[in-house]
Structures are given as C-alpha cells and as structure tokens.
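Below is one structure, written out as structure tokens; comments come after it.
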Amino acid sequence: MSSGATAENAGSTRPADIKAVPVRHPGRWVAMVVIGVLVAMFVHGAFFVHVHRGTLRQNRIPWDIVRKYLFSSNLLHGAVLTIELTAIAMAIGIAGGVLLAVMRMSVNPVVSGVAWVYVWFFRGTPVLVQLLFWYNISYLIPTPEKLTLGVPFGPAFVHFNPNTLITAFVAVSVGLGLNEAAYMSEIVRAGILSVDEGQTEAASSLGMTRGMTLRRIILPQAMRVIIPPTGNETISMLKTTSLAYVASVPELTTAASRIYATNYQTIPLLTVASLWYLFITSILTVIQYYVERYYARGSVRQLPPTPWQRFRTMLTTFHAPPPATVALTGRVGGAP
C-alpha cells in the first residue's frame with residue numbers, strides 16, 4: 001500500500017513552472033544610442049541655426065536657397081534628361097546584354113569569341129573614356145562632313161553627316177548603353193545558367209526550337225535571378241549619367257554646376273541635385289520591388305509582404321512581420 005500511495009503521489013505532483021529569462025542584448029542598446037547621437041548631430045548641423053559666443057551664425061546649408069532652386073526650370077529639365085538618358089541606355093544595355101549572353105553560350109567558337117572580346121573590352125576600359133571616344137568619333141572619319149556605308153572598295157548605299165547624326169545626347173546614350181550591355185550580358189548569362197537543364201531537354205522533346213525555348217521557357221524562369229541586379233544597374237546608371245558633363249549634355253549634375261558657377265552657391269545646388277537623385281532612385285526602388293515580387297510568384301510559396309502591408313503590420317504589432325506570417329491569401333500577420 002505504501003509503495004502504491006507513493007507512486008500515486010508522485011504521479012499527481014505537478015512540476016514547477018519554467019521561469020523563462022529573456023536574453024539581454026546590450027549591444028543593440030549601445031548601437032541605438034550611437035546612431036541616435038549621430039542622427040541628432042547631423043540634424044542639428046544641417047537644420048538649426050548655430051550660436052557662437054552669443055551671436056547667431058548661418059546654417060551650413062542655406063535651405064532658403066535650396067527651396068528657391070528645387071523646382072528651377074533648368075534643374076527640372078536636367079532631371080528629365082537624366083531620366084531619358086537612363087531609360088535609353090538601359091534599353092540598349094538590356095537588349096545588347098541578352099544578345100551577348102546568347103552569343104557567349106553559343107557552340108560556335110567564333111560567335112562566343114566575339115561576345116567574349118566585346119565584354120572584355122567594354123568592362124576593361126573606363127566609361128568616361130568611352131564617352132569621350134564617342135563624343136569625338138568624328139576625328140576617326142576621314143571626311144567628317146560625309147560618312148558613307150556600303151561595300152568596301154565598291155558602291156556606297158548610305159550617305160549621312162555624322163556631326164548632325166551623332167549629337168552629344170546620342171553619343172552619351174550610345175556610350176552608356178554599349179558599356180551597360182557588357183555588364184548586362186553577364187547578368188543575363190547567370191540567370192540563364194540558373195535554370196535547370198532539364199527544362200531545355202523537356203522543351204526539345206516537345207519539338208520547340210532553341211529560340212522558342214529561350215523565349216518561352218528559359219528567360220521567364222531566369223527573370224527572378226536577372227531582375228534584382230538589373231534594378232541595381234538601373235539605379236547605378238541613373239547616377240552614371242552625371243558623366244555626361246564631358247559632352248556638355250545639360251543633365252541634372254551639369255545643370256546644377258552651371259548655376260553654382262554663376263552664383264557660387266555650390267553646396268545648396270549640390271543638395272538640390274542630391275534630393276532629385278534620391279527622389280528618382282526611390283521611385284525606381286519601389287518599381288524594382290514590385291517587379292521582383294511579380295516574378296517570384298512561381299518560385300516561392302509565400303509572396304513577400306508589400307511595403308504597405310509591412311507598415312500596417314508594424315503599426316498594429318510594433319514589429320516587422322517575419323516571412324512565415326505571410327499567408328497565401330495575401331494577408332500579413334493575421335490582419336484582414
């Protein structure tokens with residue numbers, strides 16, 4: 001009886017509750033304090049009037065001049081030219097990159113060799129040198145006023161004046177686009193190689209040609225690998241357009257430099273140009289995010305939350321949603 005009672009008492013005894021002690025992270029608090037101090041110093045130095053020995057001193061950045069030139073017609077025109085240069089250069093770069101990537105992967109040694117030499121040359125020379133080369137291309141033409149295209153030592157079929165055809169804007173667009181094609185070719189080639197070879201074999205067994213396989217099977221699956229670095233290249237191209245000053249193209253940086261060359265307000269005008277660059281870059285970043293999200297539909301079970309969903313979840317739960325909380329219905333963190 002005593003042994004049975006002891007077993008019964010032992011079975012009815014409830015173990016003590018586990019007292020969970022949260023792990024402390026002092027490094028996080030130190031980092032927050034350091035970042036807070038640095039941000040406060042930046043805000044104080046940029047936006048507040050300084051007091052030195054009882055006298056007021058002017059801000060290091062005169063924001064009244066920034067507001068005056070923020071929507072200046074010259075700077076707005078320069079911002080439009082910057083966007084145009086970026087769009088044209090990226091269009092040339094993407095089209096040329098796809099072509100070069102296909103050529104690099106060709107079984108023909110001549111075709112793949114030509115593509116390799118192109119990539120080697122344009123990645124090995126500075127883009128500034130290339131822009132200067134295209135801007136002064138007329139020096140390589142024996143008769144700059146008349147350029148003919150046709151059969152060597154035979155009749156010419158096309159006649160045009162390169163000075164009127166290759167303007168400064170065209171030279172910069174072509175130079176940036178051809179340089180970007182070398183980098184885009186490696187990005188596209190990496191995306192194509194990321195697709196399993198079984199996809200190509202399956203398409204061949206269905207009787208699809210190589211071009212149809214590339215267009216309908218390979219590239220759609222490779223886009224999830226191609227899109228992120230392409231978006232990064234687009235943002236980089238936006239800032240690379242500032243090199244157009246060597247061809248006197250009045251893009252954003254050149255327009256700002258022409259203004260502060262007359263009024264000597266260098267820092268305010270550079271601040272205005274930086275604000276416009278940040279604004280355009282922010283728009284491109286949002287576009288890139290949604291394009292990546294679109295092409296990620298077939299590769300992940302749960303789509304990442306949109307910025308608005310993240311913001312709404314942070315307002316309700318006060319922390320960023322983990323990836324696992326994104327349901328297939330599109331609701332984040334249980335929010336309706």
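Values as computed for the structure displayed
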read-out	value
Ranked packing of 173-181, 125-133, most packed first, by mean Cβ within 10 Å	173-181, 125-133
Two-site FRET efficiency, Asn136 against Thr266, from Cβ-Cβ distance with R₀ of 41 Å, rounded to 0.05	0.90
Theoretical gain in end-to-end length, Lys239 to Glu186 [0.36 nm per residue, Cα-Cα removed]	17.0 nm
Spacing of the two label points (7 Å from each Cα toward its C-beta) at Ala168 and Leu38, in nm	3.9 nm
Protection-proxy order for peptides 65-75, 105-115, 87-97, each taking the mean of Cβ atoms within 10 Å per residue, highest first	87-97, 65-75, 105-115
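Just so you know, all these numbers are worked out from the coordinates, no wet-lab data involved. This one's a predicted model, so the numbers in the text were calculated from it and none came from an experiment. Don't worry about glycine lacking a Cβ; one is built from the backbone with ideal geometry, like all the others, and counts go over all protein chains shown.
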